[in-house]
1. R0 = 45 Å: FRET efficiency of Arg198 with Glu256, Cβ-based, nearest 0.05?
2. Ordered by residue, what ³J(HN,Hα) values in Hz, to whole numbers, does region 90-95 give under the Karplus form 6.51 cos²θ - 1.76 cosθ + 1.60, where θ = phi - 60° and Gly and Pro are x?
3. Please give me the summed charge of the neighbours of Leu263: other residues whose Cβ is under 11 Å from its Cβ, Lys and Arg +1, Asp and Glu -1.
4. If I model a spin label as a point 7 Å beyond the Cα along the Cα-Cβ vector, how far apart are those points for Lys69 and Val84 in nm?
5. Less than 14 Å Cβ to Cβ from Gly59, Lys/Arg counted +1 and Asp/Glu -1: what total charge do the surrounding residues give?
6. Structure shown: which of Lys69/Lys260; Lys132/Lys177; Lys57/Lys154; Lys98/Lys132; Lys132/Lys154; Lys154/Lys260 lie over 23 Å apart, alpha-carbon to alpha-carbon?
7. Rounded to two decimal places and with Rh computed the Kirkwood way over Cα pairs, what is Rg over Rh for region 42-106?
8. Can you list the residues, at least 5 places off or on another chain, whose amide H is less than 5 Å from the amide H of Phe92, using H built in the peptide plane?
Amino acid sequence: MKKYVSIIFIVVAGLLTLNCQEAKKAAVVDIGSQTPDGPTVVTEVEGVTAGSPLFVKVGLAWETDTSGKYTFSSPCFFPPGSVVGDEKDCTFTVPEAKLFYSRVNFRMGSLDPVNCGRIVFEPYYFQRSNRKIANAFDPSLTEIDCATNPTNPKASGCWGGAAPILLGAEWPLSTAKYFFPTMGNQNDYVIDSSNTVRHLGTGVNWMITNDLTDRVTGYQATANADPTKPTIVGANERLPNQFKDYFVSCVDIWGESQYKMRLIISDENTVNSVNGSVLDTYTDWDNSP
């Protein structure tokens, strides 16, 4: 009997304070891609306190659903009055088959657009290889040459995760999306289902999930000298020190991060009612139920 699973959140808040606000200066422009479709204007968001400077929720819709409607999780957000420089982790857990066969909508915004000049979405990614590897979605298994520029190969097949899919032809020159809340304070970033894209092969959720547990301790320290390597097309693929989580940031007009969230997405397995073993049908990084 499969256990009843719902989308849950675990929000762990950290506290950092930015000093010398009076000494702000122009910042170096980061590499990002502006959303072409444009954000929308909202005055309130269910579950989000009015005046929140930054909120995020994750929505799912079956890949065959043409209604355009998504079932959203509860939001993760910073309440109004949060200390500038606050950072937090937001964890979203989804039943594994639901995640594999669903489009994923990352909805984010600000109910304080005056003080949140720009919202930046950095999708998760990891580098698969720095050599020639088989292309997971090519039936002929034609090799991709990731060795030509081993530290930053252009071929999207040399990378895994949501970023190379969401950024498309802009990847890897652009690694983020952004919008301006004063022009529209809520925006959606949608990624097709893993079953549709099959970026890393069939039956895996690595395109969306980033619940790697053996990372170096620390808020942004996602490097790992001895990584757990998934099997992709018969080869162990993931370079150490090349794993980047989802980040959503509220940035001011000087380019300084005001509030920042790290999103951790995992899929939920089921447990065999007979022997208690974990039934991990669609593999992610963490095999726990």
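Only the coordinates and a few stated rules stand behind these numbers; no lab work does. Please read all numbers here as calculations on a predicted model, not as lab measurements. Here the Cβ positions follow ideal geometry from the backbone for every residue, glycine too, while neighbour counts run over all protein chains shown.
1. 0.70
2. Here the 3J(HN,Hα) series is 10, 10, 10, 10, 10, x Hz.
3. Values: positive: Lys57, Lys88, Lys260, Arg262; negative: Asp89, Glu122, Asp211, Asp245.
After counting each charged neighbour, the total is 0.
4. About 4.3 nm, to one decimal.
5. Summing Lys/Arg as +1 and Asp/Glu as -1 gives 0.
6. Lys69/Lys260; Lys132/Lys177; Lys57/Lys154; Lys98/Lys132; Lys154/Lys260
7. 1.05
8. Ile264, Ile265, Ser266
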